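The values are calculated or read from the model by the stated rules, or taken from the named source; none is laboratory data. All values reported here derive from a predicted model rather than from experimental measurement. Reconstructed Cβ throughout: ideal geometry from the backbone, glycine too, with neighbour counts over all protein chains shown. Accessible surface is based on the protein model in full, side chains and every heavy atom, while ligands, DNA and RNA are left aside. Shrake-Rupley method; radii C 1.70, N 1.55, O 1.52, S 1.80 Å.
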Amino acid sequence: MINLRVEHVTTFLNKKKLIDNISFVVKKGEVMALVGHNGAGKSTLLKTIMNVLEKQSGQIVIEETYDQDEHLLQFKERISYLPEEPMLLSELTCMQHFQLYGMSYKMNETTFHETLERDVKGFDLTEKWDAYPEQLSKGMRQKVQAICALLPDVPVLLIDEPFMGLDVYAKAYMIERLEEKKARGTSIILTTHQLELLEGIADKYVLLQDGKITSAGPIHEFTTIKRRTDDD
């Protein structure tokens, strides 16, 4: 089953083409690494899938049913996003952020509390329930944002640099949670410059350059290509 289909998507910003005719699919329980140099278009593509940036052409569909243009509300209910930079509300505590996400995704109350208790412990935030974002370090704010993104069980999870700002223990817990999501059938797209941390998790890659796909395939082929480049 295909959880996410992206077909011939093009995105402009201020008349500049940032995403150029991109197509790929991500199957149920598949993890795709979106790789490329800074400015290649990785974050822009994720924001386009999220509808944060409006595409000029193409189609994006979840579960072969929910088209971004025709079923936007149902589309957004089936996707979760972890940005590279935390986007927290200054007037809300950590707990209030978690509650907001739980309500937004209509999570079962028992499931919400069980998942939250585990994630807060796993990310070592047990003493920060009532803290406001300004009272947290950047790494802690990233942990709060990660918990928010991981709370709902949705078909598609987008993650922009998942290990940014995380300590070694939080990185290990993040990998554990991604493996669980994958096993439950979530399709995951993530960008990262730390590909060594994805060993055994990512199934395939898409390499972007100047907003275009220059190569794609199984993740082990990307490793081979990378080594050949390094040896040149």
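Residue 92 - would you say it is free of Cβ contacts under 8 Å to residues at least 60 places away in the same chain, outside any helix (DSSP H, G or I) and under 23 Å from residue 128 (Cβ atoms)? Against the criterion (free of Cβ contacts under 8 Å to residues at least 60 places away in the same chain, outside any helix (DSSP H, G or I) and under 23 Å from residue 128 (Cβ atoms)), residue 92 qualifies.
Of all residues in the stretch 28-46, those satisfying the criterion of being open to solvent by 10 Å² or more (accessible area, probe 1.4 Å), part of a loop (DSSP other than H, G, I, E, B) and closer than 23 Å to residue 199 by Cβ are 28, 29, 30, 36, 37, 38. Within the stretch 56-65, being surrounded by 12 or more Cβ atoms within 10 Å (Cβ to Cβ) and either within 18 Å of residue 189 (Cα to Cα) or free of Cβ contacts under 8 Å to residues at least 12 places away in the same chain (or both) holds for 59, 60, 61, 62, 63, 64. Residue pairs, Cβ under 6 Å, 6 or more apart or interchain, first in the stretch 130-146 and under 19 Å from residue 164 (Cα atoms), second exposed (fewer than 14 other Cβ atoms within 10 Å of the Cβ). List them. Close Cβ pairs satisfying both conditions: 133/90.
Against the criterion of being open to solvent by 10 Å² or more (accessible area, probe 1.4 Å), hydrophobic (A, V, I, L, M, F, W, C), touching a residue at least 40 places away in the same chain (Cβ under 8 Å) and within 20 Å of residue 24 (Cβ to Cβ), residue 53 qualifies.
Only a single criterion out of (1) modelled with pLDDT under 95; (2) over 30 Å from residue 137 (Cβ atoms); (3) under 16 Å from the mean Cα position of the chain (by Cα) is not satisfied by residue 185, namely (1).
Looking at the structure I just gave you, is residue 90 touching a helix residue (DSSP H, G or I) at 6+ places or on another chain (Cβ under 6 Å), under 14 Å from residue 190 (Cα atoms) and among the polar types (S, T, N, Q)? No.
The residue that is farthest from the chain's Cα centre (by Cα), counting only those in the stretch 3-27 that are surrounded by fewer than 21 Cβ atoms within 10 Å (Cβ to Cβ) and closer than 21 Å to residue 221 by Cβ, is 23. Residue count for the stretch 155-170, restricted to those that are open to solvent by 10 Å² or more (accessible area, probe 1.4 Å), farther than 26 Å from residue 39 by Cα and either among the aliphatic types (A, V, I, L, M) or not in a loop (DSSP other than H, G, I, E, B) (or both): 2. One residue stands out among those in the stretch 123-145 that are open to solvent by less than 10 Å² (accessible area, probe 1.4 Å) and either charged (D, E, K, R) or within 15 Å of residue 100 (Cβ to Cβ) (or both): the one that is nearest to the chain's Cα centre (by Cα), which is 145. Do the conditions hold for residue 82, that is, is it within 22 Å of residue 44 (Cα to Cα) and touching a Ser or Thr at 6+ places or on another chain (Cβ under 8 Å)? No: the conditions fail for residue 82.
What are the residues in the stretch 198-213 that are of a type outside the set (D, E, K, R), open to solvent by 10 Å² or more (accessible area, probe 1.4 Å) and assigned to a strand (DSSP E or B), if any? 207, 209, 213, listed by residue number.
Criterion applied to 35, 31, 61, 9 was being modelled with pLDDT under 95 and among the aliphatic types (A, V, I, L, M), and the one residue passing it is 35.
For residue 60, the stated conditions do not hold, so it cannot be described as closer than 23 Å to residue 213 by Cα, part of a helix (DSSP H, G or I) and within 18 Å of the chain's Cα centre (by Cα).
Residues of the stretch 78-99 that are more than 30 Å from residue 193 (Cβ to Cβ) and of a type in the set (A, V, I, L, M, F, W, C): 92, 95.
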